[in-house]
Amino acid sequence: MKIEARHEQGVTIIEPKGKITIGVGDVALREAVSEALEAGARNILVDLGGVSTIDSSGIGELVSAFTSVSNRGGQLKLVNLPPKVTDILQITQLISVFEVHDNLSEALASFS
Amino acid sequence: MPVEEPQVRISIGSRFEHIDLIQVVVDDALERLGLDDDSRHWVGIAIREAVANAIKHGNRQDPDKEVEVELAIIGDQAIIRVVDQGEGFDLQEVEDPLAPENLLKPNGRGIFYMSNFMDEIEYSSRPEGGTVVTLRKQIAGIRTD
């Protein structure tokens, strides 16, 4: 799994690509969110468009990231969910917990 | 003709990085049996969850303890067995991940996902120790030739 972070319009965009699964991808996601928070980011957008597989550990990391960002007064939102990621969030009723956007411009605008 | 002997049998040390190897091998076997892409994805997630639980909760990530995975075809069912060498666990203690108080917990969704993606899950203990998780999935038009 590869993960990149960049900044646009005051928002930190975290873009994991590949598998967010136990032992590898979940740890990388946790570190990326932690680094963003430590750097002062409070508006975080996770772009899941390049994610091929996510398991319960990956979902758990998204939930942990959401809680960590919220506890610091920030917002964590999701964008570009592949259908299988949407499905797995729906099964555990987490789709209603996250604010989900269909495209990047709409997601960025939602922070302002 | 039904195949009753395992088509795949693979053992790994208890390391999470080995899960990909199991998934590749089982996915290839399921593709040859005629399972479509979507079904293979979800069965693959269920197997990942079962093996991750065996490594984490069963074998407590002891790399000297093995996890064995078998894939067998009986009739029109794919049957996957995941066996660890751990102390076992009480299924009654597993919490409902949909309960409002659990919704934002980072853990506890693996068994729920397995139940959703497979037709049937069964847990049993071996007399010599360890837990056996048996996952069953019906495959329409299965190819056993």
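Restricting attention to the range B:26-52, the residues that are within 12 Å of chain A (Cβ to nearest Cβ), farther than 15 Å from A:Ile54 by Cα and basic (Lys, Arg) total 0.
Only one of the listed residues (A:Val63, A:Val79) is more than 17 Å from B:Gly108 (Cβ to Cβ) and either of a type in the set (A, V, I, L, M, F, W, C) or within 13 Å of chain B (Cβ to nearest Cβ) (or both). That residue is A:Val79. Checked against the criterion of being part of a helix (DSSP H, G or I) and within 27 Å of B:Gln61 (Cβ to Cβ), the range A:46-57 has at least one qualifying residue.
The sole residue among B:Glu128, B:Glu87, B:Glu122, B:Glu31 that is more than 30 Å from A:Ser96 (Cα to Cα), within 12 Å of the chain's Cα centre (by Cα) and loosely packed, with under 15 Cβ neighbours inside 10 Å is B:Glu122. Checking B:Ala99, B:Ala46, B:Ala78, B:Ala52 one by one, the residue that is of a type in the set (A, V, I, L, M, F, W, C) and either on the phi > 0 side of the Ramachandran plot or surrounded by fewer than 21 Cβ atoms within 10 Å (Cβ to Cβ) (or both) is B:Ala99 and no other. Among the conditions (1) touching a residue at least 24 places away in the same chain (Cβ under 8 Å); (2) more than 19 Å from B:Leu104 (Cα to Cα), A:Asp102 misses just one, which is (1). If you go through the range A:85-110 and keep only what is surrounded by 12 or more Cβ atoms within 10 Å (Cβ to Cβ), among the charged types (D, E, K, R) and more than 10 Å from chain B (Cβ to nearest Cβ), you end up with just A:Glu99. Going residue by residue through the range B:15-34, is there one that turns out to be in contact with a Pro (Cβ under 7 Å, 6 or more places away or on another chain) and either in contact (Cβ under 8 Å) with a residue 24 or more places away in the chain or more than 25 Å from A:Ser64 (Cβ to Cβ) (or both)? Yes, the range B:15-34 has at least one match. The test for being loosely packed, with under 15 Cβ neighbours inside 10 Å and free of Cβ contacts under 8 Å to residues at least 40 places away in the same chain holds for B:Asp37. In summary, B:Gln23 fulfils each of the numbered conditions (1) within 11 Å of the chain's Cα centre (by Cα); (2) more than 14 Å from every other protein chain (Cβ to nearest Cβ) with the single exception of condition (2). Taking the numbered list (1) more than 14 Å from every other protein chain (Cβ to nearest Cβ); (2) loosely packed, with under 15 Cβ neighbours inside 10 Å; (3) modelled with pLDDT under 95 in turn, B:Ser11 passes all entries but (3).
The residues of the range A:20-58 that are within 8 Å of chain B (Cβ to nearest Cβ), crowded, with 24+ Cβ neighbours inside 10 Å and aliphatic (A, V, I, L, M) amount to a single one, A:Ile22.
Meeting the requirement of 3 or more residues that are within 14 Å of chain A (Cβ to nearest Cβ) and either in contact with a strand residue (DSSP E or B) (Cβ under 6 Å, 6 or more places away or on another chain) or within 27 Å of A:Val63 (Cβ to Cβ) (or both), no strands (runs of 3 or more DSSP E) wholly within the range B:53-145 can be named. Residue by residue through the range B:131-143, note down the ones that are out of contact with any Leu (no Cβ under 7 Å at 6 or more places or on another chain) and surrounded by fewer than 19 Cβ atoms within 10 Å (Cβ to Cβ). Listed by number, the residues that qualify are B:Val132, B:Thr134, B:Arg136, B:Gln138, B:Ala140, B:Gly141.
The values are calculated or read from the model by the stated rules, or taken from the named source; none is laboratory data. Nothing here was measured: the structure is a model prediction, and the numbers come from that model. Positions of Cβ are generated from backbone atoms using ideal geometry, with glycine treated the same way; all protein chains shown enter the neighbour counts.
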